[in-house]
Amino acid sequence: MSFNTFGRVLRFTTFGESHGPAIGAVVDGCPPRLDLSEADIQPFLDKRRPGQSRFTTQRQEPDQVRILSGVFEGRTTGTPIGLLIDNVDQRSKDYSEVASAYRPGHADYAYDAKYGFRDYRGGGRSSARETAMRVAAGAVARKVIPEVTITAWVEAIGGDAIDYAKFDAAQIGNNPFFCPDPDAAARWEALVDDARKAGSSLGAVIACEATGVPAGWGAPLYAKLDSELAAAMMSINAVKGVEIGDGFAAAALSGEANADAMRPGANGPEFLANHAGGIAGGISTGQPVRVRVAFKPTSSILTPVETINRDGAATEIRTKGRHDPCVGIRGVPVVEAMMALVLADQKLLHRAQCG
């Protein structure tokens, strides 16, 4: 079985490989009569685009999106929206050694074990190149939820975290790390540079907040808003952990400390805390929806690592080519996109049941 589709009412399917001629997506279930153009999608792709600083892969992809279907006279028609991005800067020869030996930490062995065959060029389908189409689909999803504002930022790189006392949202777009703390951004320059020069890589933690989500989105048990968000975030390449609200830290709190106390407000309850991340019983409470996502270090590194080849013999491998020294940096727009796709889907699910 292959599972390349995500969502229930608003569904998107991605296709293509890292070194194929193109990557694409089909977004189905989008309501009609929404304004949509390529210009609405491109700014989000530009945030994720490679080669914009020395801290990311130097692969030069313009990531120019084309809308192939589902839009007429600048508005969605209610039919499937086809999106396509051409791959223009593949260097498949960089992966000649990967053809016969597995990169530890990557999907090489797992794909071979499952299919008995794999596309070793850049990891093929397992490459983070696929996430460009999630970002494009996420831009469509944002049109469904204009009442919601989604903002993500890098909270930590290589274990070095920002100081939330210095949090400045205006700084997120002013540095190559999507960092809201300018002091942390300055530290990270040296941190990522050192890892890159050493032929190594670093992990990162991304935080994401959605404001303007009304109370009532989500559903009990098997379509919980938090379980859908967790599945969406865990489906992103290199993600190894997801927290909703306080996440694991909640396990160290007492019941009264963890409770999001409420008081009467002019427009409904006023919450005195948000340990639950804006979700209770799988349903949004009207508070900001908060998620934290952990990205592992990039598995493709120049440092030699022990491995085996396809015949099972011991060997070493160092991955040549152009790779992100910290893949979590470009994960920010991807996390935002998956948040948008889940919230748009849950809005349409809520409307279907509750009107």
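At ARG318 and LEU253, where each label point lies 7 Å from the Cα along Cα→Cβ, what is the point-to-point distance in nanometres?
4.8 nm
Spelling out what I want: for every residue of the range 160-169, take phi, set θ = phi - 60°, compute 6.51 cos²θ - 1.76 cosθ + 1.60 (Karplus), and round to whole Hz; glycine and proline get x.
8, 9, 6, 9, 5, 5, 9, 4, 9, 4
Membrane-span-like helices in the chain: DSSP H runs reaching 24 Å or more (Cα, own axis), mean Kyte hydropathy at least 0.0?
332-354
Past 24 Å, Cα to Cα: identify those pairs from LYS47/LYS347; LYS47/LYS143; LYS143/LYS224, in the order given.
As for pairs spanning more than 24 Å Cα to Cα, those are LYS47/LYS347.
Under the rule that an exposed site lies in a DSSP loop and has at most 12 other Cβ atoms within 10 Å, name the longest stretch of the chain with no GluC sites (Glu not before Pro) of that kind, not counting the sites themselves.
Counting at most 12 other Cβ atoms within 10 Å as exposed, the longest clean stretch of the chain is 148-355.
For the chain, what is the accessible area per residue in Å² when the probe is 1.4 Å?
Dividing the accessible area of the chain by its residue count gives 46 Å².
Modelling each spin label as a point 7 Å along the Cα-to-Cβ direction, I'd like the ALA186/THR303 distance in nm, to one decimal.
Reported label-point gap for ALA186 and THR303 is 2.8 nm.
If every alpha-carbon in the range 170-228 counts as one equal scatterer, what log10 I(q)/I(0) does Debye give at q = 0.14 1/Å?
-0.63
So what is the relative contact order of the range 270-355, in percent, for Cα pairs below 8 Å that sit 6 or more residues apart?
18 percent
Let me have the 222 nm mean residue ellipticity of the chain computed from DSSP H runs of 4+ only, each contributing -39500 (n - 2.57), with the sum over all residues rounded to the nearest 500.
Rounded to the nearest 500, it is -7500 deg cm²/dmol.
Extent of the range 77-218 along each principal axis, from alpha carbon coordinates, in Å, largest to smallest?
Dimensions of the range 77-218 along the principal axes of its Cα atoms: 49, 49, 30 Å.
Could you check how much of the accessible area of the chain is carbon and sulfur, as a whole percent, using a 1.4 Å probe?
54 percent
Label point 7 Å out from ARG66 along Cα-to-Cβ: which residues of the range 17-35 have amide N under 20 Å?
In the range 17-35, the label zone of ARG66 (backbone N under 20 Å from the point 7 Å along Cα→Cβ) covers 17-28.
Where does the charge balance sit around THR151 when Lys and Arg score +1, Asp and Glu -1, over other residues with C-beta under 13 Å from its C-beta?
Neighbour charge sum, excluding THR151 itself: -1.
Between the range 231-250 and the range 252-310, how far is it from one alpha carbon centroid to the other, in angstrom?
7 Å
Diagonalise the Cα gyration tensor of the range 133-206 and give the resulting equivalent ellipsoid semi-axes, square root of 5 times each eigenvalue, largest first, whole Å.
Ellipsoid half-lengths, sorted descending, are 27, 17, 9 Å.
Springs between alpha-carbon pairs under 10 angstrom, Gaussian network model over the chain: which of SER69, SER254, SER18 fluctuates most?
SER254
Does the range 206-269 come out rounded, prolate or oblate, given a ≥ b ≥ c as the square roots of the eigenvalues of its C-alpha gyration tensor, rounded meaning a/c under 1.5 and, failing that, prolate meaning a/b above b/c?
Taking the square roots of the gyration eigenvalues as a ≥ b ≥ c, the range 206-269 is oblate.
For ALA238, which sequence-distant residues (separation of 5 or more, or a different chain) have an amide H within less than 5 Å of its own amide H, given hydrogens modelled in the peptide plane?
Those qualifying (amide H under 5 Å, at least 5 residues apart or on another chain) number zero.
Choose one of SER201, ALA190, PHE248: the residue whose Cα lies farthest towards the positive end of the charge dipole of the chain (beta-carbon charges +1 Lys, Arg; -1 Asp, Glu; about the Cα centre).
In the chain, that residue is SER201.
Under the definition of Cα pairs under 8 Å and six or more residues apart, what whole-number percent is the relative contact order of the chain?
Result for the chain is 23 percent.
How much solvent-accessible surface does PHE44 expose, in Å² to the nearest 10, with a 1.4 Å probe and all protein chains in place?
Its heavy atoms expose roughly 50 Å² to the probe.
Using amide H atoms built 1.01 Å from N in the peptide plane, name the residues 5+ places from VAL9, or on other chains, whose amide H lies under 5 Å from its own.
Sorted by chain and number, the residues that satisfy this come to none at all.
Can you tell me the Rg and Dmax of the range 251-348, counting just the alpha carbons, in angstroms?
Computed over the Cα atoms of the range 251-348, radius of gyration and Dmax are 22.0, 69 Å.
Run the simple label-point estimate for SER100 and TYR164 please: 7 Å along Cα→C-beta, distance reported in nm.
5.2 nm
The values are calculated or read from the model by the stated rules, or taken from the named source; none is laboratory data. The model shown is predicted, which means the values in this text are computed figures rather than measured ones. Positions of Cβ are backbone-derived with ideal geometry, glycine not excepted, and every protein chain shown enters the neighbour counts. Ligands, DNA and RNA are excluded from the accessible area calculation, which covers all protein heavy atoms including side chains. Shrake-Rupley method; radii C 1.70, N 1.55, O 1.52, S 1.80 Å.
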